[in-house]
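Notes for the one structure printed next.
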Amino acid sequence: MSDRVRVRFAPSPTGELHIGNARTALFNWLFARRHNGEMVLRIEDTDLDRSATKYITSTMKELQWMGIRWDEGPDVGGPYGPYRQTERLEIYHEFLERLKQSDQAYPCYCSQEDLERERKEQLARGLPPRYSGRCRRLTQAERDKLENEGMIPTLRFRVGSGAVSLEDELHGPITFPANTLGDFIVVRSTGVPSYNFAVVVDDILMKITHVIRGEDHISNTPRQLLLYRFFGATPPKFAHHALIVGKDRAKLSKRHGVTSVSAFRERGYLPQALTNYLAYLGGHFPGPKEVYGADELANMFDLQSLSKKSATFDPDKLNWFNAQHLRLLSPDEAIRAMIPFLEKEGFNVNEYPAEWLAEAVEAILPNAVTLEDAVSFLRCFLSDEPEISEEARTQLAEPDTRPMLSTTADVISGVEAITPESVGSLLKSAQKRTELRGKRFYHPLRAALTGSTQGPELDKVLLVLGKQRVLERIHRALEMSKRDQG
């Protein structure tokens, strides 16, 4: 095992990257950066029925979007490759031969039906389900007979007696009685190694020093430790972190709503906000501060500070983090982040004066939670005739609205231009002349100018639109109000 910290993130490409797995990747990456170590991306694709190349591609894309980089992996190579398990079968074969030549493994001819029946019987008797070991006792003649009948065996590891102990970096000492494990499969009947076997061989050869993963893998650890012992290898240090759960305390899944990194990206969440939130879910930050960049997160990352309790996913808290990180962006950074969302709406940023667009973006950022929100608010500036929502139509239909808009238009017509120095006094003058205050003045005026009842501060709306467009929109709203009432 290497003296230098070496960690690995080893996803199975059976679906889109789940935020729970992304959080595991983040913890490994932060730990490696904290200790000037190396991170390996390894693809565990031995489940041939469910694995798909498209999910390898999408997983790497989402990790890169989050800012997570690896030192070795299927795309960048490295000294211990290949980094896809399906490309390492010959390597596993060498280790399997060592097992087969020992008394530590034996062929098992039990069918899935046999195993399921055995499992149900054990549960009915109040026993933990585990393999009974009945194929242990087969003679060579019995094995030959079964194979002549076309039975293709799996290969099982003989567990033995005693106990297997683990010193977990988070949970402390954990002991597993051997009689609760059952002899476990190391090679499937297809000839493909099992997860537990392949992962141990890979971690040995790739010199992994720390395995940081979800606590749902704790039950795999004693079996892996037995394999390390058999091969005479020093096991890595293990740290099993708590999982993310929904508000019902069940493991986070699709029934709780959006759970994939790609879905959050497509909905306009910033990568730095998502990583900040996932790190926040891991434990506690020192002091009251909660908003951190990647460098800060890495510098203070500590395995022992991770919580042992499951973390409840809170969409509102994620929204808060995203809003905070949005406000940290410069207008130019925000525009670059918004380009895919603007293009989807048919807007080309190159068609607008750069200085004016930056001013418009600066106006809407304080009100936006996601990039989708930002584009929604920005639409009122970019469109010649923004769509008017039903809520805005209701505001424009109020009896006071038409005289208020007419008077406000008169006030604005009387100035040469709307400037930062004059915008406040313009709004006050219009309120004074209309004798309307608060929401009776601001709500219908916002509806007329933006087509919405929510959005940036009105003084910023007037400044970004400018005198001519403000008057055009007020007159348009008056015409629409006249038609609706007419």
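Every number here is computed from the coordinates shown, using simple stated rules; none is lab data. All of these numbers come straight from a predicted model, not from anything done at the bench. Every residue, glycine among them, receives a Cβ derived from its backbone with ideal geometry; neighbour counts consider all protein chains shown.
Sort by residue number and report every cysteine in the chain with no other cysteine beta carbon within a distance under 4.7 Å.
Those would be Cys110, Cys380, since no other cysteine Cβ in the chain comes under 4.7 Å of theirs.
Taking R0 as 22 Å, what FRET efficiency do you get between Lys247 and Met300 from their Cβ-Cβ distance, rounded to the nearest 0.05?
0.20
Volume per residue, Å³, of the convex hull around the alpha-carbon atoms of the range 319-471?
116
Calculate I(q)/I(0) for the range 298-407 by the Debye formula, one identical point scatterer on each C-alpha and no solvent, and give its log10 at q = 0.10, 0.21 Å⁻¹ to two decimals.
Computed log10 I(q)/I(0) values: -0.47, -1.12.
Can you give me the distance in nm between label points at Arg433 and Asp216, each placed 7 Å from the Cα along the Cα-to-Cβ direction?
With each label point 7 Å from Cα toward Cβ, the separation is 6.5 nm.
Of Val361, Ser429, His443, which is farthest along the charge dipole of the range 345-455 in the positive direction, counting Lys and Arg as +1 and Asp and Glu as -1 at C-beta?
Going by the Cα projections, it comes out as Ser429.
Assuming 0.36 nm per residue, please report the length gained on full extension of the stretch Thr139 to Arg4 beyond their Cα-Cα distance.
Extra length from Thr139 to Arg4 when fully extended: 43.9 nm.
Given Leu155, Gln85, Leu170, which one lies farthest toward the positive end of the charge dipole of the range 37-194, if we put +1 on the Cβ of every Lys and Arg and -1 on the Cβ of every Asp and Glu?
Leu155
Tell me whether the range 404-486 comes out rounded, prolate or oblate; compute the Cα gyration tensor, take square roots of the eigenvalues as a ≥ b ≥ c, and use a/c under 1.5 as the rounded threshold.
Since a/c stays below 1.5, the shape of the range 404-486 is classed as rounded.
Measuring from label point to label point, each 7 Å out along Cα→Cβ, what is the Tyr228 to Glu479 span in nm?
Going by the 7 Å Cα→Cβ label model, 7.6 nm.
Can you give the convex hull volume per residue for the Cα atoms of the range 205-349, as a whole number of Å³?
Spread over its residues, the Cα hull of the range 205-349 gives 166 Å³ apiece.
Want the number for Asp71 to Ala354: 0.36 nm per residue separation, take away the alpha-carbon distance, what's left?
98.1 nm
Place a point 7 Å from the Cα of Lys308 along the Cα-to-Cβ direction; which residues of the range 241-280 have their backbone N under 19 Å from it?
241-245
Remind me, relative contact order of the range 1-150 in percent, using alpha carbon pairs under 8 angstrom and six or more residues apart?
19
Can you give me the Cα centroid spacing of the range 422-486 and the range 31-99 in angstrom?
Going from one Cα centre to the other spans 57 Å.
I'd like to know which of Ala233, Thr275, Ile204 lies farthest towards the positive end of the charge dipole of the range 202-275, counting +1 on Cβ of Lys and Arg and -1 on Cβ of Asp and Glu.
Farthest towards the positive end: Thr275.
Of all trypsin sites (Lys or Arg not before Pro) in the range 291-373, which ones are in loop regions per DSSP and have a Cβ with at most 10 other Cβ atoms within 10 Å?
Within the range 291-373, the qualifying trypsin sites (Lys or Arg not before Pro) (loop, at most 10 other Cβ atoms within 10 Å) are Lys309.
Exceeding 32 Å between C-alpha atoms, which entries from my cross-link table qualify? They are Lys247/Lys460; Lys251/Lys289; Lys54/Lys309; Lys254/Lys309; Lys432/Lys482; Lys317/Lys439.
Lys247/Lys460; Lys54/Lys309
What's the Kirkwood radius of the chain in Å, using all Cα pairs?
27.0
Trypsin sites (Lys or Arg not before Pro) within the range 123-168: which are DSSP loop residues with at most 15 other Cβ atoms inside 10 Å?
Arg125
When the dipole is taken about the Cα centre of the range 40-104, and only Lys, Arg (+1) and Asp, Glu (-1) are charged at their Cβ, what size is it in debye, to the nearest 20?
So the dipole magnitude of the range 40-104 works out to roughly 200 debye.
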